[in-house]
Ligand code: NAI
């Protein structure tokens, strides 16, 4: 398989914009797509600011930053991804929406292209089954924020070929990442372990065992985690955490994975975390209705 040069990224939210930035800084031509033009313009602004910050900190040369910005293309038209060697999908964590996208991408991209998903928990095997190329479908799970976090968890679907696995591993390494490999079972490695901990932190809050501050301080100072679980949930997005818990519950079939009612209620109330100004913590969204 030839080395990838052009990367399509679908979804320009927290993860997609970070993956696009990372790829452009590492010399790839990037097409970043979103169906929502306002998400795309937010992504353009945030990537430009981040690259300028890297230049001002001396972590990227002026010329390097300028070239990276020049390699980034923004679009709402899926057809523009036809020249991509690899497409990394980072849209909403919904199996139905992702399946529709994989079906459409399969018809647009060249026959040699790899279709990768940044899904946190959804079955790669099932996404692959909507395409005519299950051997070329793989999970490429970046951590948040993608330009900073060192890990990529590669997920092999039941039909993922060795060639696709090694090409994806090499791509992740060219992006400066360390790779771990998971078989395709709900939650893979990292979220299988992380999300039940976050869910348990919600139960600890819900049942009045402790305040949110004490839960987070307990886990930071007691177990040396850089962020407490509730703080981390706000950072990830409570909607994303809830979707993953639902996938774990459905896929592994044990009641211990049932989402905590408080997590469900926060999402119902639109308290999605940092990205919308309020989650477990209030980041200053003035009109927020605060549930005690
Ligand atoms: P986000 O909500 O910030 O962004 C999702 C973007 O996808 C939005 O801009 C939305 O307009 C766009 N979108 C939705 N449907 C689309 C479609 N059919 N075609 C094109 N664009 C579409 O979500 P976030 O947090 O970036 O998550 C994206 C994916 O990455 C999810 O699968 C999530 O599970 C995964 N992930 C999230 C992490 C996190 O910490 N938030 C960490 C690792 C993976």
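Calculate how large, on average over all directions, the projected area of the Cα convex hull of the range 240-285 is; give the answer in nm² to one decimal. Before the final figure, lay out each step's value.
Working: hull surface 12.6 nm².
One quarter of the hull surface, i.e. the mean projection, equals 3.1 nm².
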Rough spin-label spacing in nm, given labels placed 7 Å along Cα→Cβ, for residue 132 and residue 225: 4.6
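Calculate how many DSSP beta bridges within the chain are antiparallel, expressed in % of all such bridges and rounded to the nearest 5. Could you put the intermediate results ahead of the total?
On the way: 7 of 33 bridges.
The antiparallel proportion sits near 20 percent.
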For q values of 0.13, 0.17, 0.21 Å⁻¹, compute log₁₀ I(q)/I(0) with the Debye formula on a Cα-only model of the range 118-255, without solvent. -0.62, -0.96, -1.25
Could you list 256, 98 in order of exposure, starting from the residue whose Cβ has the fewest other Cβ atoms within 10 Å? 256, 98
Here the averaged projected area of the range 31-177, based on the convex hull of its alpha-carbon atoms and given in nm², is 8.6
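With n ≥ 4 as the cut-off for DSSP H runs, can you work out [θ] at 222 nm for the chain, using -39500 (n - 2.57) per run divided by the number of residues, rounded to the nearest 500? Kindly include the intermediate steps, with their values, before the conclusion.
Working: 11 runs with 133 residues, N = 292.
Theoretical 222 nm ellipticity from helices: -14000 deg cm²/dmol.
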GNM of the chain, Cα pairs under 10 angstrom: of 279, 58, 253, the biggest fluctuation goes to 58
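Could you give the C-alpha radius of gyration of the range 141-190 expressed as a fraction of 2.2 N^0.38 Å, taking N as the number of residues it contains?
Details: Rg = 10.8 Å, N = 50, 2.2 N^0.38 = 9.7 Å.
It is 1.11.
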Within the set 75, 217, 160, GNM on the chain using Cα springs under 10 Å gives the largest fluctuation to 217
Say R0 is 35 Å: what FRET efficiency, to the nearest 0.05, do residue 104 and residue 189 get from their beta-carbon distance? 0.75
Of 21, 183, 59, which is the most mobile in a GNM of the chain whose springs link Cα atoms less than 10 angstrom apart? 59
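With an 8 Å cut-off on Cα pairs and a minimum separation of 6 or more residues, tell me the relative contact order of the chain in percent.
Values: 511 pairs, mean separation 38.3, N = 292.
So the answer I get is 13 percent.
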For the chain, would you read off the P(r) tail past 27 Å as a percentage of all alpha carbon pairs? 42
In nm, spacing of pseudo-spin labels at residue 26 and residue 268 (7 Å Cα→C-beta vector): 4.2
Gap in Å between the Cα centre of the range 141-219 and the Cα centre of the range 66-138? 20
Give me the angle, in degrees from 0 to 90, between the Cα long axis of helix 37-56 and the longest principal axis of the Cα atoms of the chain, rounded to the nearest 10. 90
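Using 0.36 nm per residue, how much length does the chain from residue 144 to residue 276 gain when fully extended, once their Cα-Cα distance is taken away? Write out the running numbers ahead of the final one.
Working: separation 132, 0.36 × 132 = 47.52 nm, distance 1.64 nm.
Result for the pair: 45.9 nm of gain on full extension.
Values quoted throughout were computed directly from the atomic coordinates according to the rules given, and no laboratory measurement underlies them. This one's a predicted model, so the numbers in the text were calculated from it and none came from an experiment. As a convention, Cβ positions derive from the backbone with ideal geometry for all residues, glycine included, and neighbour counts pool all protein chains shown.
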